[in-house]
Amino acid sequence: MKRLLGFLAALAVGLAQVQYATWDGTRQKVDERLLKAFTEATGIQVAYNLVPWGTYWQKASAMVAGGTTFDVMWMNLDNFPFYASQGALEPIPLSQEARAALPQGALSLYTAKGAVLGVPLGPQVVTVYINRKLFQERGVPIPKDTWTFEEMREAAKRLTFTRPDGKKVWGINAMDLQVDSEYGMAFYYSNGGTGLIKRVGDRYEANLDAVFVDTAKKLLDLIYVDKVSPGPQESTLQGYQLFQAGQMGIYVLGSWMTEVWKGTPGLDWAFAPLPVMRQGLKPRGVYSVHALVVPRASRSKEGAFRLAEWYATSPQANRILAGAGLLPTLADKYRSTYLQALPGRNAEVIFQGLPNMVVRHAEVRNLSNLPEVLDALFSAMNLAWTGNLPLEKAVEKARNDMNALLKNAKPLW
């Protein structure tokens with residue numbers, strides 16, 4: 001009877017199979033569980049498509065061209081305004097219950113001219129991880145509720161050493177903390193930053209102020225002054241690989257990395273709080289909001305709509321995600337499930353920081369050439385991070401290049 005009802009449900013939406021696409025391979029097993037549960041609940045078949053980041057947006061260009069495309073696709077905020085402005089996304093008819101349940105701030109980021117063009121997924125939080133075994137081995141106090149940037153820097157110094165077998169152990173992954181990245185900007189906002197682009201009358205200009213420079217220097221010094229992080233040529237391994245191998249004490253990236261750590265049974269890891277950057281200021285971290293979108297060229301729109309809403313708002317999907325140690329869309333509602341999935345990892349600090357977190361560039365998300373402006377900023381600051389330009393020169397270049405582009409920036413809606 002259940003199979004028959006599922007078959008009839010699939011016929012009702014006039015669909016053989018929904019093509020789901022993502023770039024995030026760290027959560028493939030969880031995604032496959034979710035899609036299987038959706039099919040069992042609705043009878044709608046879903047094909048999982050993992051597309052590497054490097055080619056994902058080439059595939060997504062079909063959304064604009066109007067050619068064959070996937071039916072449900074992951075979208076990020078950097079690219080959303082372009083696709084929305086090109087009419088490449090289908091408005092998603094959310095139920096009243098779903099609209100009410102979704103975080104309104106996140107939903108508004110994917111709403112253009114009153115139309116919901118993306119269903120937000122769970123917050124992707126900039127997260128500090130520590131290797132407790134290394135902390136204990138080096139006699140470094142394990143931070144649980146709070147620590148300062150200076151304390152983090154001193155910890156990184158004590159965690160940087162060479163083992164008798166010649167293997168280098170590093171304190172932190174500062175190469176991933178380029179100040180304009182979401183990871184570096186968690187430190188920038190915590191340092192009192194207000195945004196890297198500001199509106200002046202009816203125009204926009206770069207806001208690379210003293211807070212930006214101070215934050216950049218603190219993070220850059222971890223590589224070139226304190227030497228507690230490998231520079232661009234000092235390790236053949238990436239930061240997460242060093243952390244997995246027990247060769248890094250502090251690792252800053254995203255909350256989704258819990259899936260990666262599960263594949264390393266001997267790794268004694270835990271969450272740590274974002275550091276206090278200045279006395280009197282609470283840490284103000286960054287979270288990114290991805291969404292599920294339905295391209296106008298989708299051939300299975302009804303099934304795609306149902307999948308997008310179910311994935312973000314159904315109790316079953318939220319329980320699966322939280323139970324896997326990933327933040328679901330309705331994170332606060334499933335807090336206990338998330339904490340139970342990560343016992344003894346100090347996961348409480350994730351929820352302690354959530355209310356004070358921000359989405360970077362949220363106030364200028366609909367600028368016509370924002371991706372180009374951010375690319376110019378990244379390119380200039382990368383010259384400092386790779387040791388090819390002094391910080392002050394890199395900031396000057398970034399400011400000039402950004403302002404040249406921002407002269408032509410206009411709101412898309």
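About the centre of its Cα atoms, the range 267-311 shows a dipole size close to 260 debye [charges on the beta carbon of Lys, Arg (+1) and Asp, Glu (-1) only; nearest 20 debye].
The alpha-carbon atoms of the chain define a convex hull whose volume equals 149 cubic angstrom per residue.
Within a straight-line Cα-Cα reach of under 16 Å, Lys59 can be paired with the following aspartates and glutamates, leaving aside sequence neighbours fewer than 8 residues apart in one chain: Asp24, Asp71.
With the full set of protein chains in place, find how many percent of the accessible area of the chain is carbon and sulfur; take the probe as 1.4 Å.
Numbers: 9250 of 18060 Å².
Heavy-atom surface of the chain belonging to carbon and sulfur, 1.4 Å probe: 51 percent.
Note: the range 296-413, Cα convex hull, 197 Å³ per residue. Amide H contacts of Leu89: Arg296, each under 5 Å away and 5 or more positions distant or on a separate chain (H built 1.01 Å from N in the peptide plane; Pro and chain starts excluded). With a cut-off of 14 Å between beta carbons, the residues surrounding Ala362 carry a summed charge of +2, where Lys and Arg count +1 and Asp and Glu -1. Given springs between every Cα pair under 10 Å in a Gaussian network model of the chain, which of Gln17, Gln238, Gln58 has the largest fluctuation? Between Gln17, Gln238, Gln58, it is Gln58 that shows the largest mean-square fluctuation. Solvent exposure of the range 266-413, expressed per residue, is 43 Å² of accessible area, with all protein chains present and a 1.4 angstrom probe. Packing-based ranking of 151-164, 184-197 yields 184-197, 151-164, ordered from highest to lowest mean Cβ neighbour count within 10 Å. Dipole check for the chain: with +1 at the C-beta of Lys and Arg, -1 at the C-beta of Asp and Glu, and the Cα centre as origin, the magnitude is about 540 Debye.
Given N residues in the range 271-365, what is its alpha carbon radius of gyration divided by 2.2 N^0.38 Å?
For the range 271-365, the normalised Cα radius of gyration is 1.34.
Between Arg158 and Ala100, the contour length at 0.36 nm per residue exceeds the Cα-Cα span by 16.0 nm.
All Cα-Cα separations within the range 290-341 were binned at 10 Å from zero, giving a P(r) of 27, 42, 23, 8, 0, each value a whole percent of the pairs.
Spin-label model, Lys133/Ala41: points 7 Å from Cα along the beta carbon direction are separated by 3.8 nm.
Comparing Gln17, Ile142, Val373 along the charge dipole axis of the chain, the residue lying farthest to the positive side is Gln17, per the Cβ-charge model. For the pair Arg296 and Leu50, the difference between a 0.36 nm per residue extended length and the Cα-Cα distance amounts to 86.5 nm. Based on every Cα atom in the range 38-136, Rg and the maximum pairwise Cα distance Dmax equal 17.3, 57 Å.
Taking the Cα centre of the range 285-413 as reference, the dipole from Cβ charges on Lys and Arg (+1) and Asp and Glu (-1) amounts to some 340 debye.
In terms of Cα to Cα distance under 14 Å, which aspartates and glutamates are near enough to Lys218, apart from those fewer than 8 places away along the same chain? Result set, ordered by chain and number: Glu150, Glu151, Glu154, Asp176, Asp180, Asp226, Glu392. For the range 189-338, the spherically averaged projection of the C-alpha convex hull amounts to 14.7 nm². Using the Cα centre of the chain as origin and beta-carbon charges of +1 (Lys, Arg) and -1 (Asp, Glu), tell me which of Leu327, Tyr204, Tyr251 is placed farthest towards the positive end of the dipole. Of Leu327, Tyr204, Tyr251, it is Leu327. Its residue count N sets the reference 2.2 N^0.38 Å, and the alpha-carbon radius of gyration of the range 122-260 equals 1.13 times that reference.
Using the rule -39500 (n - 2.57) for each DSSP H run of four or more residues, divided by the residues of the chain, the 222 nm mean residue ellipticity is -12000 deg cm²/dmol.
The values are calculated or read from the model by the stated rules, or taken from the named source; none is laboratory data. Remember, it's a predicted structure, so these values are computed and weren't measured experimentally. Quick reminder, even Gly has a Cβ in these numbers, built from the backbone with ideal geometry, and neighbours come from all protein chains shown. What goes into the accessible areas is simple: the full protein's heavy atoms, side chains included, and nothing from ligands, DNA or RNA. Shrake-Rupley method; radii C 1.70, N 1.55, O 1.52, S 1.80 Å.
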